[in-house]
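Chemist: Quick one: the structure is below, and I'll ask about it shortly.
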Amino acid sequence: MADTNRPIDAPLPPIDTSSSSKFKFIYGAVVCVAALGVLAYHNVDFVERHAPAVNAMLHGGEITDDQDGKYRAGKWSDDLQAILAGTKSKDWAGFRSEILSRERFYADLAEQNGRMQQTFARERYGNLGAADVCERLALDELGPAMDDLSRVESEELTLIRRTTTMSDETRSSLEPLDNRENDALKRLKAYNTDRGSKGCN
């Protein structure tokens with residue numbers, strides 16, 4: 001119904017566009033957040049450097065795709081590097097103390113390996129390596145090397161934790177563990193070489 005009391009030359013009241021503007025803003029924000037989420041999900045290395053908590057939220061559950069697997073393998077590799085980092089101490093007590101200060105890395109290494117081995121088992125059961133050479137390399141070379149290395153690191157930590165004083169018995173127990181560790185590291189290196197030669201990402 002027209003306002004008959006308003007003079008003909010009076011300006012028209014402003015059109016209320018606030019609802020439309022709010023909708024556009026909210027819609028734009030949702031689209032931006034979704035786009036950033038997709039980018040974050042598919043750029044594991046970048047997000048791990050700049051926002052590790054976001055990576056943990058996105059990939060911290062079960063491994064359901066390649067990005068989750070990449071995240072878990074990256075965490076496992078970081079843990080391994082922290083475990084194998086050099087020590088400063090020259091005596092057993094100092095060495096032992098340094099190694100025990102890294103227990104959280106040993107624990108996380110075991111956790112990441114457990115998740116990866118579950119995934120490898122499912123993929124073997126599904127025979128995923130039959131038609132994919134890269135998948136077959138991961139199942140035949142990477143999985144076993146990761147598992148052996150994780151297990152030997154755990155055994156070494158247990159031995160070091162319970163040994164307060166170095167002895168000939170401790171040395172003789174450490175030697176085969178060191179040999180197993182070196183063997184697993186060589187196999188891991190061989191996997192990386194084979195992976196590169198096959199053009200696997």
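Chemist: What's the number of the condition G129 fails, among (1) outside any helix (DSSP H, G or I); (2) touching a Ser or Thr at 6+ places or on another chain (Cβ under 9 Å); (3) not hydroxyl-bearing (S, T, Y)?
Modeler: (2)
Chemist: Answer with yes or no whether T165 is farther than 28 Å from D66 by Cα, of a type in the set (V, I, T), modelled with pLDDT under 95 and outside any helix (DSSP H, G or I).
Modeler: yes
Chemist: Is it fair to say T119 is of a type in the set (S, T, Y), touching a residue at least 12 places away in the same chain (Cβ under 8 Å) and surrounded by fewer than 14 Cβ atoms within 10 Å (Cβ to Cβ)?
Modeler: No: the conditions fail for T119.
Chemist: Mind checking which residues of region 142-170 are within 21 Å of the chain's Cα centre (by Cα) and either buried (at least 18 other Cβ atoms within 10 Å of the Cβ) or not assigned by TED's automatic domain parsing to the domain that holds A184 (or both)?
Modeler: L142, G143, A145, M146, D148, L149, S150, V152, E153
Chemist: Let me ask something else about it. Hey, could you check region 171-183 for residues that are over 27 Å from the mean Cα position of the chain (by Cα) and not polar (S, T, N, Q) and say which is farthest from Q112 (Cα to Cα)?
Modeler: R171
The values are calculated or read from the model by the stated rules, or taken from the named source; none is laboratory data. Just so you know, these numbers come straight off a predicted model, no measurement behind them. Cβ coordinates were reconstructed from backbone atoms using ideal geometry, including for glycine residues, and neighbour counts include every protein chain displayed.
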